[in-house]
Structures are given as C-alpha cells and as structure tokens.
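Novice: Next up is a structure, given as structure tokens.
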Amino acid sequence: MKMNRYYSMMFAAALVGACAFQAQATDPLSTEAKQGYTRIRTNMLKMAEKMPDDAYSFKATPDIKTFAQNLAHVADAQMGACSAVNGAPKSAGAASMTGKADLVGALKASIEECDKAFASLTDASAGEMIKTRRGEQTKLGALVGNTVHINEMYGYMSVYMRLKGIVPPSSEK
C-alpha cells in the first residue's frame, strides 16, 4: 500500500511538472522575442529620462547627430515597425522634436505601440507577412528587427551619456 501511495505521489508530481513545462513551452518564440524587447525598451526609456534636458543637444563630435536626434530616430523607427505589425502604419512625428519632454512623450507613445504589437504576437501569428518600410516581412521579423535596432541605438547613445559623465541605465549597480 505504501508503495502504491509513493508511486501515486511521484506520478502526480511528474504530471504537475509536465503541465508546468507545457505552460512555459507555449509560444516560446514570441515569448523570447517579448523578453528581449522588454529589456531594451526599459533601458531606453530610463536613458531618455535620465539624460538631463540640456544634454539633449549634445553631439559627441560635430559631424554626428545630437542625443535628441538619435532619440527621435528611435521613437519614429519603433512607431513605424510596431504600428505596421498592428495593421495601421503611422509615424510618431518625433523627427521635428528637440525638447526632452516631447521626445520622451514620443518614445513612450512608440513603446505603447510596440507593447501592443508584442502582446498580440503568438508563435502562430509570428509568420504572418506584413508590409513595412523595408518591404514585406513576417511580424516576428519586423519586431525582432526593431529590437536589434533599438539595442544598436542604445549602445550608440550610451557613449553620449558616458561623455557627459552619466552611467547608462544598463550599467547601474
């Protein structure tokens, strides 16, 4: 009798573990894509908020974009990619903005659009083809491409912060 109870308990534990594994395995591709985006969007927003107002006009060298222009590029690119995934392409209009408050607002709007796009993404919908500024892409391809681009811009903009004596959010302890 003890042996039957032992095996019953072991079977129940294995079943619970298998169910938990199955729950984790649901939509693994889109889940990993969302996790990667969430990390960089959090750091990008913290960066935009942390950089002082007067440093938004800063250029690391005279021949490159200001911090504000780079942030505007991020907001516009995100809005374009994520709104295409959502089925209604639009622009954040950030390219004409220079002030911190306006640019942080544009970045937040683009993040909301991307959050909506990632929330709707499943492994089943990931392969759906959409029209983007770069031509036809899968939804997953457009969203991963956006994440890669934002990571690249974050690294680039981190140099601006370092030159101003500011520690980028991803390096804070």
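Novice: Looking only at segment 68-79, decide whether some residue is out of contact with any Phe, Trp or Tyr (no Cβ under 9 Å at 6 or more places or on another chain) and at positive phi.
Specialist: Scanning segment 68-79, I find no residue that is out of contact with any Phe, Trp or Tyr (no Cβ under 9 Å at 6 or more places or on another chain) and at positive phi, so the answer is no.
Novice: Here is a check on your reading of the model: is Ser91 open to solvent by 40 Å² or more (accessible area, probe 1.4 Å), among the polar types (S, T, N, Q) and modelled with pLDDT under 95?
Specialist: On the way: open to solvent by 40 Å² or more (accessible area, probe 1.4 Å): yes; among the polar types (S, T, N, Q): yes; modelled with pLDDT under 95: yes.
Here the answer is yes, as Ser91 does meet what is asked.
Novice: Output the number of residues of segment 81-95 satisfying the condition of being out of contact with any helix residue (DSSP H, G or I) (no Cβ under 8 Å at 6 or more places or on another chain) and either among the hydroxyl-bearing types (Ser, Thr, Tyr) or in contact (Cβ under 8 Å) with a residue 60 or more places away in the chain (or both).
Specialist: Taking segment 81-95 and keeping what is out of contact with any helix residue (DSSP H, G or I) (no Cβ under 8 Å at 6 or more places or on another chain), we get 87-88.
Remaining after also requiring either among the hydroxyl-bearing types (Ser, Thr, Tyr) or in contact (Cβ under 8 Å) with a residue 60 or more places away in the chain (or both): none.
Qualifying residue count for the region: 0.
Novice: Could you grab me the full set of residues in segment 112-135 that are part of a helix (DSSP H, G or I) and open to solvent by less than 30 Å² (accessible area, probe 1.4 Å)?
Specialist: Hits for segment 112-135 are Glu113, Cys114, Ala117, Phe118.
Novice: Sort out which residues of segment 55-103 are more than 24 Å from Thr132 (Cα to Cα) and in a helix (DSSP H, G or I), and write them in order of number. Walk me through it before giving the result.
Specialist: First, pick out the residues of segment 55-103 that are more than 24 Å from Thr132 (Cα to Cα): 55-68, 98-102.
The answer is Ala55, Tyr56, Ser57, Phe67, Ala68, Lys100, Ala101, Asp102.
Novice: Run Gln78 past the list (1) of a type in the set (S, T, N, Q); (2) in contact (Cβ under 8 Å) with a residue 60 or more places away in the chain; (3) open to solvent by 10 Å² or more (accessible area, probe 1.4 Å) and report the number of the one that doesn't hold.
Specialist: Looking at each condition in turn, Gln78 falls short on (3).
Novice: Now, a different point. Any residue in segment 136-149 that is in contact with a Phe, Trp or Tyr (Cβ under 8 Å, 6 or more places away or on another chain), surrounded by 14 or more Cβ atoms within 10 Å (Cβ to Cβ) and basic (Lys, Arg)?
Specialist: Start the filter on segment 136-149 by keeping residues that are in contact with a Phe, Trp or Tyr (Cβ under 8 Å, 6 or more places away or on another chain), which leaves 143, 146-147.
Then keep just the ones that are surrounded by 14 or more Cβ atoms within 10 Å (Cβ to Cβ); that gives 143, 146-147.
With the extra rule that they be basic (Lys, Arg), the set shrinks to none.
There is no residue in segment 136-149 that is in contact with a Phe, Trp or Tyr (Cβ under 8 Å, 6 or more places away or on another chain), surrounded by 14 or more Cβ atoms within 10 Å (Cβ to Cβ) and basic (Lys, Arg).
Novice: In addition: Take the residues of segment 24-73 that are in contact with a Pro (Cβ under 6 Å, 6 or more places away or on another chain) and more than 21 Å from Gly93 (Cβ to Cβ): which is surrounded by the most Cβ atoms within 10 Å (Cβ to Cβ)? Spell out how you get there, then give the answer.
Specialist: Narrowing segment 24-73 to residues in contact with a Pro (Cβ under 6 Å, 6 or more places away or on another chain): 43, 46-47.
Next, only the ones that are more than 21 Å from Gly93 (Cβ to Cβ) stay: 43, 46.
Values: Asn43: 20, Lys46: 14.
Residue satisfying both the conditions and the ranking: Asn43.
The values are calculated or read from the model by the stated rules, or taken from the named source; none is laboratory data. What you are looking at is a predicted structure, and each value in this text was computed from that prediction instead of being measured. Cβ coordinates were reconstructed from backbone atoms using ideal geometry, including for glycine residues, and neighbour counts include every protein chain displayed. Side chains are part of the model used for accessible areas, which takes the heavy atoms of the whole protein and leaves out ligands, DNA and RNA. Shrake-Rupley method; radii C 1.70, N 1.55, O 1.52, S 1.80 Å.
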